[in-house]
Amino acid sequence: MSRRSRSRMRFTAGLGGLFALLWGCQYLLDPQPNANGNASPEQKTNFSSSVKIYLKSSTNANVYIGEYDRESCENGFPQQWSIFMTSVLGQHRFDIDYTKLVNKKGNELDIKVHPQRYTLKYDHLPNELASALLCEHHEESSITFGRESPGAREILQPLKLLAPDCNFEWTEEKGLVCQLPRPSDAEIFASLETIKRNMTTKWNHQPYLLIRRLTLTTQLLEAFERPEKRTELDKVCRIMRFSLPNELPLSFRSKLWQDKVCQGKNRDRDAALVAIQEAAQEIQALSHRIEDASLVGLFTLSIPRDQSMAKGYLVTLQPIETPYISSADQPNSSLPCVWHPLFSEQTESQLIAMELEMVQSKGSSTCAASPGLVNAYRDANIYVRSSVASEMEFQISNGQSKKLRLPTGDYQYSVIQYNGPFPEELVSPEEVAPVSSGQISWKSARPHLIIKSW
């Protein structure tokens, strides 16, 4: 046999082995049928001795929802559990730690849902699960609970308390699913039109950020109403991609959500409409804040001409650190919050959603204490304040007045020369030191701040 023939045989055998390896990897990656022949979306955990948990579906099929670690058993109860759930944004893993309850060191559970950690108030170990002898299943690698059984309800109870907006359902095709409520398109349109009408008829000065979020929300809804015009959706997605975070509705800030709605051939309509509904709720809540907790007044610059050499000035307002979010004091340990797929990527988003009542709350869960929690609280505070303020930074000429709508409170102001000593010489604001700074109180009826000297 020639050297060329032997080389061809080795190449063919190697190629066949490569195809076999790829097929085997694909087989391992695909969901495999369980004992009943049903495809089960089982997941991998790092438990050393896993016991798989199944719930009976409405068709009496076994549905995999998670696992507990038999090696974590203490006092007859497994301390470490992992429950898997899907939402409009994909799959989520809930790691539930019963250690404090099992060891009687506190009436609470610790739950981790990447990237957040939560603490959940819990009075006692679940009775049915505690009496099910879960740690005695030495030979079995799985356990099954009936659809309406007390055990099934107790397994899902921590998730229902932590994610009260979810309606939980499970099927053999999808596993455990968080279904979020969603009104019809017509109801969302009507809600947005009502908000727009109130803004234009009741207010004579609209906050920029609120108008921008309302416009973007309406444009996205209209784009999904005309799926044949794909360019309309592409246009809205480009605007979102190049917008500053605070220019977007809170529910549009999730990167996972943006990928679902704006990437690929099949744009996720369900994910878009859920976020649009949340955006409408946010804008409505902030509109009420504007009507209830903000004042319209004037800012006047009236400096003697011999002290005012510049043609224009830039005024910047910054809220003094007085909490505007009223649901909690300055955090030093934890803050009330719940899990929601659209807001779970950032602690700040969860706190804002709680404050604006965009999510339900049963009062049982908190964001666990962390070094970044105080900063998240501050950022949430600024988000709400800036959303209901007309302008926090504006240009003004000497002798002019500027009408402002601001939340009640105290503000630090600074005035800088905007365009240098000569009109044709533009100077970056960062390169100019303030010519004046101070504090203002925006609390009385029709406030009017007049700066008469530097």
Worksheet item: Tell me, what ³J(HN,Hα) does each residue in the stretch 369-377 have, in order and in whole Hz, if you take phi through Karplus 6.51 cos²θ - 1.76 cosθ + 1.60 with θ = phi - 60° and put x for Gly and Pro?
Response: 4, 7, x, x, 5, 5, 5, 5, 4
Worksheet, complete the sentence: Whole-Hz Karplus couplings 3J(HN,Hα) for the stretch 393-405, θ = phi - 60° and coefficients 6.51, -1.76, 1.60, Gly and Pro as x, run 8, 7, 8, 8, 9, 4, x, 9, 10, 10, 7, 10, 10
Fill in: Proximal aspartates and glutamates relative to LYS265, as straight alpha-carbon distance under 19 Å, when same-chain residues fewer than 8 apart are discounted
GLU222, GLU225, GLU228, GLU232, ASP234
Worksheet item: Say the cut-off is 31 Å between C-alpha atoms; which of LYS52/LYS104; LYS229/LYS403; LYS104/LYS160; LYS202/LYS362; LYS174/LYS255 go over it?
Response: LYS229/LYS403; LYS202/LYS362
Worksheet entry | Rg to Rh, two decimals, where the stretch 191-323 supplies the alpha carbon set and Rh follows Kirkwood | 1.10
Item to complete: With a 1.4 Å probe and every protein chain left in place, work out the accessible area per residue of the stretch 149-209 in Å², rounded to a whole number.
Response: 48
Item to complete: Scan around GLU108 for amide H atoms under 5 Å from its own, H built in the peptide plane at 1.01 Å from N, and keep only partners 5 or more places away or cross-chain.
Response: LEU101, TYR122
Item to complete: Give the Kirkwood hydrodynamic radius (Å, one decimal) of the stretch 177-224, defined as one over the mean of 1/r across all pairs of different Cα atoms.
Response: 12.2
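Using DSSP to call loops (not H, G, I, E or B), can you name the trypsin sites (Lys or Arg not before Pro) in the stretch 183-257 whose Cβ has at most 15 other Cβ atoms within 10 angstrom?
Of the trypsin sites (Lys or Arg not before Pro), the ones in loops of the stretch 183-257 whose Cβ has at most 15 other Cβ atoms within 10 Å are LYS229.
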Item to complete: Label the stretch 105-240 by shape, choosing from rounded, prolate and oblate, from the square roots a ≥ b ≥ c of the eigenvalues of the Cα gyration tensor; if a/c is under 1.5 it is rounded, and otherwise prolate applies when a/b is larger than b/c, oblate when it is not.
Response: prolate
Worksheet, complete the sentence: Checking the stretch 99-136 for trypsin sites (Lys or Arg not before Pro) in a loop per DSSP with at most 13 other beta-carbon atoms within 10 Å yields LYS104, LYS105
Worksheet item: How large is ³J(HN,Hα), in whole Hz, for each residue of the stretch 353-362 in order, when computed from phi with the Karplus curve 6.51 cos²θ - 1.76 cosθ + 1.60 and θ = phi - 60°, using x for Gly and Pro?
Response: 4, 5, 5, 8, 6, 7, 10, 7, 8, 9
Worksheet entry | Part-to-part distance (alpha-carbon centres) for the stretch 353-409 and the stretch 252-298, which is given in Å | 16
Worksheet item: Counting only residues 5 or more places away or on other chains, whose amide H sits under 5 Å from the amide H of VAL435 once H atoms are built in the peptide plane?
Response: VAL415, ILE416, GLN417
Worksheet item: Residues of the stretch 65-82 with amide nitrogen under 20 Å from the 7 Å Cα-to-Cβ point of GLU139?
Response: 70-71
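If you roll a 1.4 Å probe over the stretch 146-292 with all protein chains in place, what percent of the accessible area is carbon or sulfur?
Carbon and sulfur together cover 50 percent of it.
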Response to the item:
Highest mean packing first, using Cβ neighbours within 10 angstrom, the peptides 373-380, 265-272 sort as 373-380, 265-272
Practice prompt. Using the charge dipole of the stretch 81-213 (Lys, Arg: +1 at Cβ; Asp, Glu: -1 at Cβ; taken about the Cα centre), state which of ILE211, GLN179, PHE94 has its Cα farthest towards the positive end.
Written response: ILE211
Item to complete: Assign one of three labels to the stretch 45-138, namely rounded, prolate or oblate, based on the Cα gyration tensor with a ≥ b ≥ c the square roots of its eigenvalues; rounded applies when a/c is under 1.5, prolate when it is not and a/b is larger than b/c, and oblate otherwise.
Response: oblate
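The values are calculated or read from the model by the stated rules, or taken from the named source; none is laboratory data. Given the structure is predicted, the values throughout are model-derived calculations rather than measurements. Neighbour counts are summed over all protein chains in view; Cβ atoms, including those assigned to glycine, are modelled from backbone coordinates with ideal geometry. In case anyone asks, the SASA skips ligands and DNA or RNA and just uses the protein heavy atoms, side chains included. Shrake-Rupley method; radii C 1.70, N 1.55, O 1.52, S 1.80 Å.
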